[in-house]
1. Explain nothing, just the number: dipole magnitude of segment 26-80 about its Cα centre with +1 on each Lys and Arg Cβ and -1 on each Asp and Glu Cβ, in debye rounded to the nearest 20.
2. For labels at Gln62 and Ser76 in the simple 7 Å Cα→Cβ model, what's the distance in nm?
3. Rounded, prolate or oblate for segment 26-80? Axes are the square roots of the Cα gyration tensor eigenvalues, ordered a ≥ b ≥ c, and the cut-off for rounded is a/c under 1.5.
4. If Lys and Arg each add +1 and Asp and Glu each add -1, what is the summed charge of the other residues whose beta carbon sits under 14 Å from the beta carbon of Leu37?
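Computed from the coordinates by the stated procedures, all read-outs in this text should not be read as laboratory data. All figures in this text were calculated on a predicted structure; none of them were measured in a lab. Cβ: placed from backbone, ideal geometry, glycine included. Neighbour counts: every protein chain shown.
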Amino acid sequence: MRHAQELETQNDKGFPSPDSSQPAIDTLALQRDADQLAALAASVPPGVKNVNRGLLAKDMLQKLKQIEKLSKHLRSELGR
């Protein structure tokens, strides 16, 4: 019985608690990123309509890069 208690104590000391092994997810930052992603995505269709007329907004490519960056960040954070 005593040996079992010693082994249990060693196991408790040898492994970190599940909560401390992963950093907490910052839900406010994720929500901000998701809102920004939605706003950027909503601005793309009107820009594409302008491309059909031969006009390309200066910031269209930058917006698409930002959409890609935000979506990758959200995917990595939520996939932990």
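1. Once rounded to the nearest 20, the dipole reads 260 debye.
2. Label at Gln62, label at Ser76, 2.3 nm between them.
3. Verdict is prolate for segment 26-80.
4. Charge balance near Leu37 sits at +2.
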